[in-house]
2 protein chains.
Amino acid sequence: MPPDHRVYQIGEAMPRSDALGKATGAEKFSIDTYGNDLLWAGVKRGGVPHARIRGIDIQAAQTTPGVRAVLTARDVNGTNRQGVIRKDQPVLADDRVRHCGDAVALVVAESSAALEAALDRIVLDLDPLEAIFDPEAALRDDAPLIHPDHAGGNTLFHATIQNGDPQQALSDCDAVVEGCFDLPRQAHAFLETENGWALADDEGRLDITVSTQTPFRDRLEVAEALGLAVDRIRIRAPFCGGAFGGKDGITVQSLLALAALSCPGRPVKMWWRREESFLAGVKRHPARLYYRLGADRDGTLKAVSARIYLDTGPYDHLGGVVAALGLEHAGGPYRIPHADLAVWAAYTNNPVSGAFRGFGVPQVAAAMESMMDMVAAKLRICPLALRRKNALVRGDRCPAGVTRQGSVGLLECLKTLEAHPLWKEREHWKASAGPNTMRGTGIACISHGMGYGPTVPDSATAGIRLMDDGRFEVMAGVVDMGQGNAAAYLQMAGDILSQPPGHLIPVLPDTDKTFPSGSSSASRTTFTYGNALIGAARALKERIFARAADALMVSDTSALILVPGAVRHLATGREITLSRLGMFLNPAERFATYHYRAPVSGEAPHPDGNLRLHGFPHSIFSHAAHLVRVEVDALTGQVSVPEYLGVNDCGRILNPQNFSGQQEGAVVQGLGYALYEEVIADKGRMMTRDFTTYIIPTALDAPKIESVAVALAEEAGPFGLKGAGEIGIDIPLPAVANALFDACGVRLLKFPMTPERILTALVKKDAP
Amino acid sequence: MPPDHRVYQIGEAMPRSDALGKATGAEKFSIDTYGNDLLWAGVKRGGVPHARIRGIDIQAAQTTPGVRAVLTARDVNGTNRQGVIRKDQPVLADDRVRHCGDAVALVVAESSAALEAALDRIVLDLDPLEAIFDPEAALRDDAPLIHPDHAGGNTLFHATIQNGDPQQALSDCDAVVEGCFDLPRQAHAFLETENGWALADDEGRLDITVSTQTPFRDRLEVAEALGLAVDRIRIRAPFCGGAFGGKDGITVQSLLALAALSCPGRPVKMWWRREESFLAGVKRHPARLYYRLGADRDGTLKAVSARIYLDTGPYDHLGGVVAALGLEHAGGPYRIPHADLAVWAAYTNNPVSGAFRGFGVPQVAAAMESMMDMVAAKLRICPLALRRKNALVRGDRCPAGVTRQGSVGLLECLKTLEAHPLWKEREHWKASAGPNTMRGTGIACISHGMGYGPTVPDSATAGIRLMDDGRFEVMAGVVDMGQGNAAAYLQMAGDILSQPPGHLIPVLPDTDKTFPSGSSSASRTTFTYGNALIGAARALKERIFARAADALMVSDTSALILVPGAVRHLATGREITLSRLGMFLNPAERFATYHYRAPVSGEAPHPDGNLRLHGFPHSIFSHAAHLVRVEVDALTGQVSVPEYLGVNDCGRILNPQNFSGQQEGAVVQGLGYALYEEVIADKGRMMTRDFTTYIIPTALDAPKIESVAVALAEEAGPFGLKGAGEIGIDIPLPAVANALFDACGVRLLKFPMTPERILTALVKKDAP
């Protein structure tokens, strides 16, 4: 039997099915889509943080050679508004510009040169408005309003959670620490920037290929914003060349659709270059967090208070949901009976903030896990012992009042970390630092809720089809943005159907061919779609057995098994090939679908319906405890990270190789957040335009990363797994901050921890 | 929340629930059972390998002071025959003695001193018969018959499996190797030797506590042999102080029952001392195996031929089943299209052979895995590459014609082993040997079938009960002989019911309190009983939720969860304690049972009904690839084993800590089999009487063992697991044999590999 007859099996470490195509360049991303007779579309942007639009002079642009269309808000027939929860973002700005990257006009041209020329010739007549750039300042009564029609003023979202009597409890504690933390704006820095390709036919039907995390939601957004019937729009979503949340929501879709409709019969391409991506794409919310944390002398945590301000930019773009998830996680994965938690997502004239891997949790974890070490230092308790003492176990309520119902592996993670040489030998390692080098070890913990929470249906519909040639098509409506879920689906279906890799063909998201299965986000794809796929694959298997029993003239289907390419009757050894069955069966019989909806917490720890709408509370959580070793150069403040250990409880592991890869990627992205990455908008103007000023870690900066799984079984998970996509990015930052403190006794509260900030703190600490 | 509120979770590494009680001596084994007014029972044994019994003079014994009863076969009212498949073993010998350890008379006395004195005074009048000690010789037509009434002569069991055209294929192969292997008689060497305690009341009802693997089967055996009604016998089976197969079947049970019935109202104890255990207890089958293995030049295996002779001693005692399992596994876990396999279990006058961890597989693996390295050497192929090339994958048929239906992780094990430093750095390590030291690395592979196979029902019934105080009793009718399954059951039920350790109480096997669940053997206990327990625990959980919903006056049980000691209504946070529910509920409602029967292969690769009766074929297999490093002292032939790596595919892991412990124990026992252990019976007379001549590895002899799990998910397994109890002992021997060859170029075919044998081989090799 040739090696390719080795069937897929759950739990087996293997290269992803998409690896070869990507490594060799054979895989086509959205960016690789070109058509004959291509037109280019591009956007004229506002260029100022806040202004009333008095006029847009497009005449010169229209007459530029090679220009096919110049469009403004007047050309938009629908609501001209987009957004998942609150629809507040125009396709093309109509009355005002709310940040420098706002799209004001759209040009379609025969070439990129013509496009650039035309965009340069559009003249905007803008009446500057007072702008606001600080989220706390934005909430003051006298702040200029960014959406004057919005009932909440500049408050996009606000919620509080109160348990026990936090103020009294804080005043009763033996030790209370406090801090104000500033977290930066982080860019997704995906390889493939925002782009798409669209073609309108003469009847106005649209065929759009786009780099997106949400093809089915995109279709609704485009239809509503442009005033189109949903069934006239087809969206195809190939593999993304990175997304990380930055493509969770509209980027180019409506603009492209508008451009294509203006030039029927001609394919139109839009591709935001890196600078435009920095300017107009969403970013991780910058945040300011005021924390107080109190404990008894023995380290028992008693009370936590947090005031969290998120700068959401001028549009919702999931900012409210990000805020709600941050609030839910603000008290960390600990038993703290008294809690006073509050969050505000404030409109500003800064760049738009939105979804980013971690989704509000990295910000609160940065603060909370720093606070944990600050309490430990004050009480002279080992930071690990403090965490073990207070770690949530199954059945406990977290500080937000949410019961942990599913598997809870936090203590298991801590135990594993504690037994690891990187922890046990930390003092020896620290003491062996070379000259002018300070070494330290830091840890941090997290739990991360999975899925959409209670209100938005967290569901998926899987389809699987036996083809004429005996192979299977797996129809997945949820995007693979690089995390490997498409490969995971083949592994799941392949295990159930006992087929080897070449016998399963992925059908990537396409609103015409696959089924609505939600966004590729919230650590949900393999969990939710995976459960749907298990149902579909098992249903198809039963159907195949029933028909194979007929064909083999046996009465008992329980004596049948699937082997590569065939059904075998065990008692007699006779086989019928799947290709023969494929030819026998009616197309409807060969196609099985299954709809799955993820479990939702029946808990209502807070009466606020708005909070519930924004996804609170969750019912299943993954957990992690991470350890980092840092070396600080005492002369330059430069931090290097030689070793990293991530211990994760993400349930049972589907493919250990892909799991490690996903965790390593998240850790490196989290180290960038900790040490280098900051998108700077100076009074709303983007100062960070490319990777010469936006520093992301390269392979040479990455530590040696060990990724360990404590593989508890999650009952609700497909084959026992839980979401693993986000948790790895939540705590590299506080782990490094704690390691930095261990190394040189300075505690940074403003991030990233650049050499300048570290050196300044070192100098200040050593000052007499 | 105190730490003991941490609930059980599947996949969590934790100390076994029985660890503390055992470590502190609080746990009571059968051997620890004493009653007031105790009598001692003991056995007079035949003392010769083969003889007709002319008379037994018990008069002097009867009149010995303190003697209460002296019994012989005449006092047995039933069949006086015991055995699982074939009932050929007398409780007390009637017509003849068939091995030196045969029980001939039974004495009950007030003290061990009186007992010993009386036993010495029993005079046997024996007429010696020609005896037979070699299994091959026993099969000759002219051999003296051990059971003249047995239709098969001295053949207890014989079967053949033929696939393809093995003779032609062997002659067509590019390379053929052959060997004749001799495997020793191994003793279980359990800490707690065979013993028990029995009390008959005045109505003749028996209450027996015994160190056994099979309490429910014991009851049937005792009833039939002694002519009693089954419902008059109660058997209790505490934790065993080791068993390993040596208590899978009758040891003291019938003798004890007979003794107790002779002295109603007085508790009777029987305890075989170490010497008696060596003499009368069962052992692993000594075996002689003739192998031929052929391959093509490129390493593709083509044909295997094996003739396997097992010395089963004078009684079946599962010897036929051992032979059948050996036959099924004889061709190894490889694709070999042509196979000619045959096994004989021959009656001899040696000590009784029977069940022993591995159950026939260690013998065939010793030969087959040596053969693999011999082929590799002949073809100059890497032994690991040869195994990877031919390793079975799911859907393949093994050489015995059995389809691998479940998860098959052999290639995954080999891949993991290949990537390990112990493999990758083997040449460097070998080259750095000190003076007079030769170093080598060896590997071996195995697959091991789980459970009873098709004919004997491999089923279990679990019971679980909510107690008045809110705790749960878990009723398990399957014995924990030390492997930790009792703890595994608490972990399973505890996870499903979300309860912490102290809230679950094990009820150990007791024919009055628990349900028939088969033997503790065949790597089946956690799989089969575990699946039953999942059913029972879920059923009880549903019932608890239904009644809790009534008590809490809520309509939807889906909003209820279990937390330690209570049911919580998530929507309102209200709780009702389990103790309150325990008091509410009717006893019948609080008790859930579930019956589970393990899946059976629908395959019939061989028409032989006898083979099927003896358990062929299996449907689910665990897999392993092991690596060992050995150092050979060139001057003494002494082998030391510094490092061992076991990579195992036993499905998903329930408790990583217990899994490692179980694998390490098996490896050390397997190394004893490889290097030291041999029970010598010289012309049927036991020469090995204690641990001064029977050498088992101590902690100081044990290597550093790393145990890695490739945790594939087995669909049929409880939480995805497969049997793990036996596989670890199957291949240490061939791994060491292959390492020895790698170290110094000598290939031993006779085991154990004692310094004498190694030195002799070295001298012979170096002779001109």
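Read-outs throughout are calculated quantities, based only on the coordinates presented, and are distinct from any laboratory measurement. What you see is a predicted model; the values in this text were computed from it and never measured. Every residue, glycine as well, gets a Cβ built from its backbone with ideal geometry; the counts of neighbours run over all protein chains shown.
Convert 20 °C to kelvin, take the viscosity as 1.002 mPa s, use the Kirkwood radius over C-alpha pairs of the stretch A:685-768 as Rh, and evaluate the Stokes-Einstein diffusion coefficient in µm²/s, rounded to a whole number.
Reported coefficient: 129 µm²/s.
Peptides B:749-759, B:461-471, B:440-450, A:735-745: what's the order by average Cβ count within 10 Å, highest mean first? Numbers along the way, then the final one.
On the way: B:749-759: 18.4, B:461-471: 20.5, B:440-450: 28.3, A:735-745: 24.9.
The packing order, highest mean first, is B:440-450, A:735-745, B:461-471, B:749-759.
If I model a spin label at B:Glu275 and A:Met467 as a point 7 Å from the Cα along the Cα→Cβ vector, what separation in nanometres do I get?
7.6
How long are the semi-axes of the ellipsoid equivalent to the stretch A:536-630, from square roots of 5 times the Cα gyration tensor eigenvalues, in whole Å, largest first?
47, 20, 12
Tell me which trypsin sites (Lys or Arg not before Pro) from the stretch B:224-277 have a DSSP coil assignment and no more than 15 other beta carbons within 10 Å of their own.
Details: sites: B:Arg232, B:Arg234, B:Arg236, B:Lys247, B:Lys269, B:Arg273, B:Arg274; in loops: B:Lys247, B:Arg273.
Those that pass, being in a loop and sparsely packed, are B:Arg273.
What are the nm distances, shortest first, from A:Gly21 to its equivalents in the other copies, labels at 7 Å along Cα→Cβ?
5.7
What GluC sites (Glu not before Pro) in the stretch A:136-230 are in a loop by DSSP, with at most 11 other Cβ atoms within 10 Å of the Cβ?
For GluC sites (Glu not before Pro) across the stretch A:136-230 that sit outside H, G, I, E and B with at most 11 neighbouring Cβ atoms in 10 Å, the list reads A:Glu203.
Just to verify a number: FRET efficiency for A:Ala60 and A:Ala26, C-beta to C-beta distance, R0 = 60 Å, to 0.05?
Numbers: r = 44 Å, r/R0 = 0.73.
For A:Ala60 and A:Ala26, the calculated efficiency is 0.85.
Which shape class, rounded, prolate or oblate, goes with the stretch B:23-95 when its Cα gyration tensor gives a ≥ b ≥ c as root eigenvalues, a/c under 1.5 marks rounded, and past that a/b bigger than b/c marks prolate? List each step's numbers first, then the result.
Numbers: a/c = 2.36, a/b = 1.37, b/c = 1.73.
Because a/c hits 1.5 or more and a/b fails to exceed b/c, the stretch B:23-95 counts as oblate.
Treating the point 7 Å from Cα along Cα-beta-carbon as the label, what are the nm separations from B:Val507 to the other copies, to one decimal?
In ascending order, 5.4 nm.
If you take the beta carbon distance between B:Thr437 and A:Leu220 as r and set R0 to 60 Å, what does 1/(1 + (r/R0)^6) give as a FRET efficiency, to the nearest 0.05? Please list the in-between numbers first.
On the way: r = 74 Å, r/R0 = 1.23.
Taking R0 as 60 Å, the efficiency between B:Thr437 and A:Leu220 is 0.20.
Let me know the whole percent of all Cα-Cα pairs from the protein assembly as shown that are separated by more than 68 Å.
17
For the stretch A:171-317, what is the relative contact order in percent, using Cα pairs closer than 8 Å and at least 6 residues apart in sequence?
Numbers: 281 pairs, mean separation 51.1, N = 147.
Result for the stretch A:171-317 is 35 percent.
If you average the sequence gap of Cα pairs under 8 Å that are 6 or more apart and divide by the length of chain A, what percent do you get for the contact order?
Numbers: 2040 pairs, mean separation 125.4, N = 768.
Relative contact order for chain A comes out at 16 percent.
Starting from the 7 Å offset along Cα-to-Cβ, what nm value, one decimal, do you get for the label separation of B:Lys378 and A:Asp141?
Between B:Lys378 and A:Asp141, the label points sit 9.7 nm apart.
Evaluate the distance, in nm, between pseudo-label points positioned 7 Å from the Cα of A:Ala767 and of B:Ser112 along their respective Cα→Cβ axes.
8.3
Using only atoms on other chains, find how many Cβ atoms lie within 10 Å of each Cβ of peptide A:564-571 and report the average.
4
Per-residue mean of other chain beta-carbon atoms within 10 angstrom of the beta-carbon, peptide A:707-714? Let's see the in-between values first.
Values: counts 0, 0, 2, 5, 9, 6, 12, 3.
Mean number of neighbouring Cβ atoms from other chains: 5.
Normalized C-alpha radius of gyration of the stretch B:222-378, against 2.2 N^0.38 Å?
Here the answer is 1.38, to two decimals.
A:Asp550 label points, 7 Å along Cα→Cβ, one per copy: pairwise distances from this copy to the rest in nm, shortest first?
4.7
Over the stretch B:147-226, what is the relative contact order in whole percent, taking alpha-carbon pairs under 8 Å and six or more residues apart?
Relative CO of the stretch B:147-226 lands at 13 percent.
Just the Cα atoms of chain B: what Rg and Dmax do they give in Å?
Calculated on Cα positions, Rg and Dmax stand at 26.9, 93 Å.
Determine the shape class of the stretch B:353-412: with a ≥ b ≥ c the square roots of the Cα gyration tensor eigenvalues, call it rounded for a/c under 1.5, and otherwise prolate if a/b is greater than b/c, oblate otherwise.
Because a/c hits 1.5 or more and a/b fails to exceed b/c, the stretch B:353-412 counts as oblate.
For A:Ser555 and A:Leu613, FRET efficiency with R0 = 56 Å and r from the beta-carbon atoms, rounded to 0.05?
For A:Leu613 and A:Ser555, the calculated efficiency is 0.55.
Compute the normalised compactness of the stretch A:169-221: alpha-carbon radius of gyration over 2.2 N^0.38 Å, N being the residue count.
Compared with the compact-globule rule of thumb, the stretch A:169-221 sits at 2.40.
When you look at the Cβ of every residue in B:399-412, what mean number of other chain Cβ atoms sits within 10 Å?
3
Diagonalise the Cα gyration tensor of the stretch A:111-162 and give the resulting equivalent ellipsoid semi-axes, square root of 5 times each eigenvalue, largest first, whole Å.
Whole-Å semi-axes of the equivalent ellipsoid: 37, 15, 10.
Among B:Val123, B:Val222, which comes first, then next, by fewest other beta-carbon atoms within 10 Å?
Result, fewest neighbours first: B:Val123, B:Val222.
What order do you get for A:126-133, B:254-261, A:24-31 when each peptide is scored by the mean count of other beta carbon atoms within 10 Å, highest first?
Order by mean packing, descending: B:254-261, A:126-133, A:24-31.
As a quick test, which of the pairs B:Lys389/B:Lys764; A:Lys302/B:Lys541; B:Lys283/B:Lys415; A:Lys415/A:Lys704; A:Lys722/B:Lys415 have an alpha carbon distance above 29 angstrom in this structure?
As for pairs spanning more than 29 Å Cα to Cα, those are B:Lys389/B:Lys764; A:Lys302/B:Lys541; B:Lys283/B:Lys415.
Kirkwood Rh and Cα-based Rg: tell me the resulting Rg over Rh for the stretch A:131-195, rounded to two decimals.
The Rg/Rh ratio comes out at 1.13.
Cα centroids of the stretch A:615-681 and the stretch B:708-732: how far apart, whole angstrom?
32
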